[in-house]
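Report on the following structure.
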Ligand code: NZQ
Ligand code: ZN
């Protein structure tokens, strides 16, 4: 029941609903005339979102440069190239069109253009940005919450790391969330998005502090997602179901679930990032694998908290039953719960453990040591 001291701050203007991008052009124009439009590998062109967004920008009289090709599990190299393009063209505002990978990249591009610092220095928390180019995003995939938060995650193949950076200058100015832009997200990424948003609620739930009302709201976000998620999996084009999941994903990581807390734990995300780094595994898939193992590891350490989770979600205080029900949910939407299910051979166990130990994958509240990681990998295989 303890409420921790906290500061709440979220300056993002959220535009939510069908047709919201009709005002994109005039919104972007407030921030400047020279736009850098950032997007991914091409889904936005295939499904017409690119045409809608470009049409808005052109009709508002803006000049547009583009950087595209951002990959899922985005890499710092793309960010460096986009920064060079943005600087050469003196861009005044960035528009990110895509999922978490595109928006995260655009956040670091925005501080990379505004400060003369190699972007990886930010990711390593070695330099703090002093300013940022304004960023507006148009979200096409409900999952990460990046659209309304101040975090970005990038990986660097040279240093062997996938890491996150958090800073108030990473808050986008405006976020445009039209659920109809997400109706084309394929089945697998729809499931990974559902897992990711549940995992964000869980990371918050297992963070420092136990504010009663926030606990209830956090569990409600998970329960609501468990109700609508499976329906969406069987009806991918349904805009109302997409809207429910989209709103839940934003609520799970826009700061709300951390009110009255010291923050989330993020140990499961740290473990998941190592799997993404090694095998380019989609983010959500790493979390449906890591959460059950992490809960098993913690069941002797924080039984009361896990019992509260079980009672809230499944009406049981039996911890193993809670973990099994969570696994059954992930399996029901076709997200893997074991590494081998994700197509990685059991012989890779040592490589995975080494990678996790090298980067000391751990949580903010619940520390993990080498022994813990060994146990986790065993359960995850
Ligand atoms: O590249 P394109 O062609 O656009 O295709 C993408 C990509 O293949 C496709 N896609 C996106 N919107 C679509 C679509 N396909 C059809 N229709 C649409 N409307 O989906 C694929 C995955 O996209 P991606 O952006 O990688 O997915 P997601 O939004 O799940 O982002 C994952 C990244 O966000 C990070 C993850 O670690 C990962 O790198 N995270 C960021 C967080 C944050 N900033 O707060 C928190 C999260 O915990 C997470 O770590
Ligand atoms: Zn996540």
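Key figures for this structure:
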| read-out | value |
| --- | --- |
| Modelled label reach - residue 296, point 7 Å along Cα→Cβ, segment 254-274 residues with backbone N closer than 17 Å | 268, 271-272 |
| Inverse mean reciprocal Cα-Cα distance (Kirkwood Rh) of the chain, Å | 21.0 |
| Normalised per residue, the volume of the convex hull around the Cα set of segment 266-381 (Å³) | 92 |
| The chain: calculated mean residue ellipticity at 222 nm from DSSP helix runs of at least 4, using -39500 (n - 2.57) | -15000 deg cm²/dmol |
| Degrees, to the nearest 10: 283-298 long Cα axis against longest axis of the chain | 30 |
| Segment 88-164: Cα Rg divided by the 2.2 N^0.38 Å rule of thumb | 1.08 |
| For segment 187-380, convex hull of alpha carbons as volume per residue, Å³ | 105 |
| Average projected area [Cα convex hull, segment 20-177], square nanometres | 8.0 |
| Spherically averaged projected area of segment 159-236 from its Cα convex hull (nm²) | 8.0 |
| Helix 370-380 vs. the chain, principal-axis angle (Cα, 0 to 90°, nearest 10) | 90 |
| Beta bridges by DSSP in the chain, antiparallel share as percent, to the nearest 5 | 25 |
| Overall dimensions of segment 1-105 as given by Cα atoms, namely Rg and Dmax in Å | 15.9, 53 |
| Value of Rg/Rh across segment 123-194 [Cα atoms, Kirkwood radius] | 1.03 |
| Inter-label distance, nm, simple model (7 Å from Cα along the C-beta direction), residue 5/residue 90 | 4.6 |
| Whole-Å distance, taken between Cα centres, linking segment 176-203 and segment 325-348 | 18 |
| Per principal axis, descending, Cα span of segment 43-82 in whole Å | 32, 22, 9 |
| Mean-position separation - Cα centroids, segment 282-298 and segment 6-38, in angstrom | 34 |
| Square roots of five times the Cα gyration tensor eigenvalues for segment 289-334, Å | 17, 13, 6 |
| Acute angle (nearest 10 degrees) that the helix 319-332 long axis makes with the longest principal axis of the chain, alpha-carbon atoms | 40 |
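Computed from the coordinates by the stated procedures, all read-outs in this text should not be read as laboratory data. Model, not experiment: these values are computed from the prediction. Please note: Cβ atoms are built from the backbone with ideal geometry, for glycine as well, and neighbour counts cover all protein chains shown.
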